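Structure first, then comments.
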Amino acid sequence: MTPQTILKSQFGYDTFRKGQEDVINAILNHQNVLAIMPTGGGKSLCYQIPALMLTGVTLVVSPLISLMKDQVDALNENGIPATFINSSLDYQAIDQRFQEAASGTVKLLYVSPERLDSGYLNRLAELPIDLVAIDEAHCISQWGHDFRPSYLNLANTIEQLPSQPTIVALTATATPKVARDICDRLRLSKEVKTGFSRPNLAFKIVKHQDNDKFLIEYLRQNAGQSGIVYASTRKEVERLTKLLNRRHIEATMYHGGLSKEERRENQEDFLYDRVPIMVATNAFGMGIDKSNVRFVIHAQVPGSLEAYYQEAGRAGRDGLPSEAILLFRLSDVQIQHFLIDQSDRDEAGKQREYDKLQAMSQYANTQECLQQYILNYFGEDGEKCGRCSNCLDDREKQDITIDAQKVLSCVKRMNERFGKVLVAQVLTGSSVARVKQLRFDELSTYGIMKQESQKSVAELIDFLTASGYLISEGGQYPILRVSDLGVAVLQGKEQVSRKVAVKATHALPEND
Ligand code: ADP
């Protein structure tokens, strides 16, 4: 049997998707391989097909116990012998499942990373394991957005297996840095990366609007369509769900504070199309394979672009046109800041999270193609998508070189040692004590933008940062400095343009 015949006979598909054959062939040649494919790209088949071709067992390490059963049920329905072991089973059941795996009646054995660490290792060592598949492999990297300590030990555990299995690691989100980290830790020699781009997704950013109002109107306009609304906190999930239900928009919810039973029920209501809208924290969604999700709305900005792309990517798995909308408010960035601050990460870990949050806010402030911005972040090139809210923004571009020069020279004059708020205060001529103490009121750039509000100058700074003229770095209290591109602007070698809403005064006829 070839991979192609199994694809048809067991899964009923005619052709492989991009990357699948490469990963399968690498595994069959005993190469340890990292597969980076977008959500919905078909990662599971990459190890399920080899599992059916290898003589021994394939061990699948998957982080979510709740999903194991679903995955195993789906395989069994396709006539593929698979089972799982986790803490929900009693000793006898576990023993029986190990025996089935040892005798070859089960080809795929799903297990959580925590279980590998604990008492199962001896039993696993007795099995003829040919392949270990590590799902959501970015969890092994501290540079990833969902680091899990239980993943760290995987490489050691696998090394202790006497059958010396081949390893395949799979993820949908890996920056080049995370990919390198995964390969180093698991000693992988090959990487298969298919394009990250999601041609059926239209990315949108909504700013300066009443979010609740936008949400209600959007959901009314898209009534009957299935969609997910993400919020950052349990409290906000509860509030939004109540709000929608009060407005007769059917919605259920999911967050870590609900009982196991409630979570299961609500998840099933959504999965089986009994309720069209799911309002949830990021606890919802990993591994959920619901193909007809037409939109994913982030009512609050998430902590990183990795998380955003993964969550947004749950829209349109069936390939039909779908939307990924981010409702952006500065105060929500502060919530994420707070969450990082309160987390039990060490100082370096927090810095990494602050930097990721910054890339996320820059996404909301760029005027470039949003799909392209995401692809660049993940180290990939791409054409303009033509579908996102920036590509469709038909406002005229205005030359803002002079304003940009004012900001850039102010940052320079403040010795590139301060952040956005203070720079905006100096430019608008604020009389706050700190400006005076630091004697920035004596700078020639003090007050040169005093006709603007501090908020609009701060937004201009965000725009200049998102467009690469300024660099903002330094974790919790980021500091602005001027990039090489920004220096070229100061020297008059580069022009800066920006799409801006035309102000009412500009719109008046000239002789008015
Ligand atoms: P991922 O884990 O990469 O997010 P899945 O493995 O869950 O994606 O696959 C997403 C969907 O695509 C599943 O419904 C799967 O059956 C389907 N699929 C996978 N490979 C193919 C293929 N070659 N042709 C058609 N559909 C496929």
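The values are calculated or read from the model by the stated rules, or taken from the named source; none is laboratory data. Note that this is a predicted model, so its numbers are computed, not measured. No Cβ is skipped: glycine too gets one built from the backbone with ideal geometry, and neighbour counts run over all protein chains shown.
Can you find even one residue in the range 395-414 that is in a strand (DSSP E or B) and charged (D, E, K, R)? Checking the range 395-414: at least one residue is in a strand (DSSP E or B) and charged (D, E, K, R).
The rows are residues; the columns are (1) away from the ligand (no atom under 13 Å from the Cβ); (2) under 24 Å from V178 (Cβ atoms); (3) at pLDDT below 95; (4) polar (S, T, N, Q).
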{"residue": "T2", "(1), (2), (3), (4)": "yes, no, yes, yes"}
{"residue": "F11", "(1), (2), (3), (4)": "no, no, yes, no"}
{"residue": "D14", "(1), (2), (3), (4)": "no, no, yes, no"}
{"residue": "G19", "(1), (2), (3), (4)": "no, yes, yes, no"}
{"residue": "I24", "(1), (2), (3), (4)": "no, yes, no, no"}
{"residue": "L34", "(1), (2), (3), (4)": "yes, yes, no, no"}
{"residue": "T39", "(1), (2), (3), (4)": "no, yes, yes, yes"}
{"residue": "C46", "(1), (2), (3), (4)": "no, yes, no, no"}
{"residue": "A51", "(1), (2), (3), (4)": "yes, no, no, no"}
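Figure legend. Inter-residue proximity from the range 1-27: first residues under 13 Å from G41 (Cα atoms), second residues more than 11 Å from the ligand (Cβ to nearest atom) and among the β-branched types (V, I, T), beta-carbon distance below 6 Å, spacing 6+ or different chains. Indicated pairs: G19/V192; V23/V33; V23/V192. The single condition among (1) within 13 Å of the ligand (Cβ to nearest atom); (2) under 23 Å from the mean Cα position of the chain (by Cα) that L7 does not satisfy is (2).
With the requirement that a residue be part of a loop (DSSP other than H, G, I, E, B) and more than 15 Å from the ligand (Cβ to nearest atom), what does the range 53-62 give you?
Within the range 53-62, the first condition is being part of a loop (DSSP other than H, G, I, E, B), and the residues that meet it are 54-56, 62.
Across the range 53-62, the qualifying residues are L54, T55, G56.
Just to be sure before I move on: is L161 out of contact with any Pro (no Cβ under 8 Å at 6 or more places or on another chain), more than 16 Å from the ligand (Cβ to nearest atom) and modelled with pLDDT under 90 in the structure I sent? If you could, list the steps in order and put the result at the bottom.
On the way: out of contact with any Pro (no Cβ under 8 Å at 6 or more places or on another chain): yes; more than 16 Å from the ligand (Cβ to nearest atom): yes; modelled with pLDDT under 90: no.
Spelling it out, it is not the case that L161 is out of contact with any Pro (no Cβ under 8 Å at 6 or more places or on another chain), more than 16 Å from the ligand (Cβ to nearest atom) and modelled with pLDDT under 90.
Against the criterion of being within 26 Å of the chain's Cα centre (by Cα), away from the ligand (no atom under 11 Å from the Cβ), in a helix (DSSP H, G or I) and not hydrophobic (A, V, I, L, M, F, W, C), D73 does not qualify.
From the list S87, S9, the one residue that fits, being among the hydroxyl-bearing types (S, T, Y) and in a helix (DSSP H, G or I), is S9.
Can you list the helices (runs of 4 or more DSSP H) found entirely within the range 417-475 that contain at least 2 residues being closer than 24 Å to E494 by Cα?
Working: elements: 420-427, 433-437, 454-466.
Helices (runs of 4 or more DSSP H) meeting the threshold: 420-427, 454-466.
Looking only at residues of the range 344-379 that are surrounded by 15 or more Cβ atoms within 10 Å (Cβ to Cβ) and charged (D, E, K, R), we find that the one that is farthest from Q142 (Cα to Cα) is E368. Evaluated against (1) free of Cβ contacts under 8 Å to residues at least 60 places away in the same chain; (2) under 22 Å from M286 (Cα atoms); (3) touching a strand residue (DSSP E or B) at 6+ places or on another chain (Cβ under 9 Å), K235 falls short on exactly one condition, (3). Scanning the range 350-382 for residues that are farther than 26 Å from K455 by Cβ and either free of Cβ contacts under 8 Å to residues at least 12 places away in the same chain or of a type in the set (V, I, T) (or both) yields I374, N376, D381. Restricting attention to the range 384-417 and to residues that are in contact (Cβ under 8 Å) with a residue 24 or more places away in the chain and of a type in the set (K, R), the residue that is nearest to L464 (Cα to Cα) turns out to be K406.
Do the conditions hold for L271, that is, is it within 22 Å of L64 (Cβ to Cβ), surrounded by 14 or more Cβ atoms within 10 Å (Cβ to Cβ), within 16 Å of the ligand (Cβ to nearest atom) and more than 16 Å from the chain's Cα centre (by Cα)?
yes
Can you pull out every residue in the range 285-319 that is away from the ligand (no atom under 13 Å from the Cβ) and either over 21 Å from G256 (Cβ atoms) or touching a His at 6+ places or on another chain (Cβ under 6 Å) (or both)? Result: R294, F295, S304, L305, E306, A307. Of all residues in the range 320-343 being within 16 Å of the ligand (Cβ to nearest atom) and over 15 Å from the mean Cα position of the chain (by Cα), which is surrounded by the fewest Cβ atoms within 10 Å (Cβ to Cβ)? The residue in question is L320. Somewhere in the range 367-374, is a residue over 27 Å from R180 (Cα atoms), within 16 Å of the ligand (Cβ to nearest atom), at pLDDT 90 or above and not in a helix (DSSP H, G or I)? No, the range 367-374 has no match at all. Do we find that T55 is closer than 23 Å to E126 by Cβ and modelled with pLDDT under 95 in this structure? Here the answer is yes, as T55 does meet what is asked.
Restricted to helices (runs of 4 or more DSSP H) entirely inside the range 107-223, those with at least 2 residues that are closer than 30 Å to D90 by Cα and free of Cβ contacts under 8 Å to residues at least 40 places away in the same chain are 113-117, 121-125, 149-152, 154-159.
Figure legend. Inter-residue proximity from the range 289-312: first residues within 24 Å of Y272 (Cα to Cα), second residues more than 13 Å from the ligand (Cβ to nearest atom) and of a type in the set (D, E, K, R), beta-carbon distance below 6 Å, spacing 6+ or different chains. Indicated pairs: F295/E323. When you look at V279, is it more than 16 Å from the ligand (Cβ to nearest atom) and assigned to a strand (DSSP E or B), yes or no? So V279 passes the test.
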